[in-house]
Amino acid sequence: MASWNYTRLGASSKNNEEGIEQLLECLGVDIDNEYMTETGYISNNYRPKFEGNIDEEPDDLLEIYNLANELFDEVYIYYSWETGNNTSDYYKRHEEIYNPITKKINIGDAEYDYGSQEIFGENVYEVLKEKIEEEAKKQNIPIKWNSELIPSTEEFADFCDSFIANLGDLSTLGKRQEEENIPTDEEISQTLIEEIADKAEENGYIELLNAIKEKFNIVTEIINEENKIDKDKIIGKIYQGLIQPDTLNDSLKKDKDFILELAKVNSDALNYASEELKADKEVVLEAVKQNGDALEYASEELRADKEIVLEAVKQNGDALEYASEELRADKGIVLEAVKQNGDALEYASEELRADKEIVLEAVKQNGDALEYASEELRADKEFVLEAVKKDGSILEYASEELQANKEVVLEAVKQNGEALEYASEELRADKEAVLEAVKQSGYALKYASEELQEDKEVVLEAVKQRRRCI
């Protein structure tokens, strides 16, 4: 068999896609691809397939296959490897060829050439192929294969479907002896089962844990002896960072009491809730009280609910970004938002970004918020004068005209000398303005004109304020 210089492992399960994905992750697969795959042209049965890189070759891939089949029905496992200097992907489907319950046989896949099927002993595919070709010749049906047991024409595919459907009991086809080729339950090592159970519990993989409990009677902290989920322990593990909320199963995402409790310890709880709970006012209120940004995940209707948005912006002003357009134009809502975070002004309506009361509250909380004010306000001398008295650095966002206004600049550098950086070139060469600036902060000297940086009086004032400035 080829050496495994690198490995990819993938799987699909008809009845439990969430569980099979969790099993792959517990096996160390870094899942990077998910898509719908056809399990055979006969059943025309599409299902999700997950695959990704795996660091080490599994000790016994057949044992893993058998474990997967014990846990989930109709499992398909795929792997690929690299041989020598040539890199080629081969997919070998590890499956129980004949299913005595469904009376079906699964063959081929239109997307892949599976190569040898010898892992199950006598090659069932070759025997079946011979029978198909023999009957096709009798009926003068053109035989057209793309690859192993994948018919390339519609006529031939229909013939294959019909022929196999009429074969009846296929359990002895190809002299396959199941007991010689498929491991028994006892051949699945207890170590592997316990290792998977430990990893599933660590990640909070409920679907996988339930399957392990049912098949192997392993009881974990999360799944108790009565086969009930211990929700408090799951929340505790999430709080400790031992379980990631995005691994929760669908039943927990729909559990209102669980999500309400989770919201108290995890700021992103609403992100993982079901769509129904994202539209539940009680749940969303609890979530935004803990984290205003949770408003992003609320339903459209609740993002237009004044009570909910108010709670959200009180906790985090930036949550205004996710409010409805109507509420971003509500003065009361916006005032609360900018009081909590001046930068929330960015998400206010155009009209309110020109409202002096709103903008003053914003710059009071964060001077940089002036950046989001209307051009009209940033050019309003009276308004900017009031603002720079509170935070001189606001001069950066004033209009060019006001950055060249000596009265405005003097007020700005008195509050913060380094606001001189945003003054016009002419005022950075104005001795009165520069003296005021260096008296407040010696470091402001670096923003003065070259001529004033060599002015004895200016330099002395700067040194008095801070010796290291030169």
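Against the criterion of being modelled with pLDDT under 90 and outside any helix (DSSP H, G or I), Ser299 does not qualify. Would you mind telling me which numbered condition in (1) modelled with pLDDT under 80; (2) on the phi < 0 side of the Ramachandran plot; (3) surrounded by 13 or more Cβ atoms within 10 Å (Cβ to Cβ) Gly204 fails? Exception for Gly204: condition (2). Within the set Val309, Val334, Val408, Val313, the sole residue that is within 28 Å of Ala437 (Cα to Cα), buried (at least 19 other Cβ atoms within 10 Å of the Cβ) and not charged (D, E, K, R) turns out to be Val408. Taken over region 242-269, the criterion of being without any contact (Cβ under 8 Å) to a residue 60 or more places away in the chain and within 14 Å of the chain's Cα centre (by Cα) is satisfied by Gln244, Pro245, Asp246, Leu248, Asp268, Ala269. Residue count for region 314-335 satisfying the condition of being assigned to a helix (DSSP H, G or I) and in contact with a Gly (Cβ under 6 Å, 6 or more places away or on another chain): 2.
Search region 272-304 for residues being of a type in the set (D, E, K, R) and under 22 Å from Tyr239 (Cα atoms), and hand back the single one that is surrounded by the fewest Cβ atoms within 10 Å (Cβ to Cβ).
Glu282
If I ask for residues that are surrounded by fewer than 20 Cβ atoms within 10 Å (Cβ to Cβ) and either part of a helix (DSSP H, G or I) or among the hydroxyl-bearing types (Ser, Thr, Tyr) (or both), which ones from region 341-359 would you list? Of everything in region 341-359, those that are surrounded by fewer than 20 Cβ atoms within 10 Å (Cβ to Cβ) and either part of a helix (DSSP H, G or I) or among the hydroxyl-bearing types (Ser, Thr, Tyr) (or both) turn out to be Asp343, Glu346, Ser349, Ala354, Lys356, Glu357. Here Glu296 clears all of (1) in contact with a Phe, Trp or Tyr (Cβ under 6 Å, 6 or more places away or on another chain); (2) within 19 Å of Asp355 (Cα to Cα); (3) not polar (S, T, N, Q) except the condition numbered (2).
When you go through Leu370, Leu395, Leu385 one by one, which is the residue that is surrounded by fewer than 20 Cβ atoms within 10 Å (Cβ to Cβ) and within 21 Å of Glu421 (Cα to Cα)? Give the steps one after another, and end with the answer.
Working: Leu370 fails: surrounded by fewer than 20 Cβ atoms within 10 Å (Cβ to Cβ); Leu395 fails: surrounded by fewer than 20 Cβ atoms within 10 Å (Cβ to Cβ).
Testing whether each residue is surrounded by fewer than 20 Cβ atoms within 10 Å (Cβ to Cβ) and within 21 Å of Glu421 (Cα to Cα) leaves just Leu385.
Mind checking whether some residue in region 233-240 is among the aliphatic types (A, V, I, L, M) and either touching a strand residue (DSSP E or B) at 6+ places or on another chain (Cβ under 6 Å) or modelled with pLDDT of 85 or more (or both)? No.
Filtering region 456-470 down to residues that are of a type in the set (D, E, K, R) and within 19 Å of Leu410 (Cα to Cα), which residue is modelled with the highest pLDDT?
Pass one, region 456-470, residues of a type in the set (D, E, K, R): 456-457, 461, 464, 466-468.
Those still in the list that are within 19 Å of Leu410 (Cα to Cα) too: 457, 461.
Details: Glu457: 85, Glu461: 81.
Filtering region 456-470 for residues that are of a type in the set (D, E, K, R) and within 19 Å of Leu410 (Cα to Cα), the one modelled with the highest pLDDT comes out as Glu457.
When region 1-41 is limited to residues that are surrounded by 18 or more Cβ atoms within 10 Å (Cβ to Cβ) and in a loop (DSSP other than H, G, I, E, B), the one that is modelled with the lowest pLDDT turns out to be Tyr41.
Within region 153-173, restricting attention to residues that are at pLDDT 75 or above and polar (S, T, N, Q), the residue that is farthest from the chain's Cα centre (by Cα) is Ser162. Among the residues of region 335-356, those that are under 13 Å from Tyr372 (Cα atoms) and not acidic (Asp, Glu) comprise Val338, Asn341, Gly342, Ala344, Leu345, Tyr347, Ala348, Ser349, Leu352, Arg353, Ala354, Lys356. Looking across region 196-209, the residues that are in contact (Cβ under 8 Å) with a residue 24 or more places away in the chain and in a helix (DSSP H, G or I) come down to Ile196, Lys199, Ala200, Glu202, Asn203, Ile206, Glu207, Leu208.
The values are calculated or read from the model by the stated rules, or taken from the named source; none is laboratory data. Values in this document were obtained by computation on a predicted structure and should not be read as measured data. Using ideal geometry, Cβ is built from the backbone for each residue, glycine included, and neighbour counts are taken over all protein chains shown.
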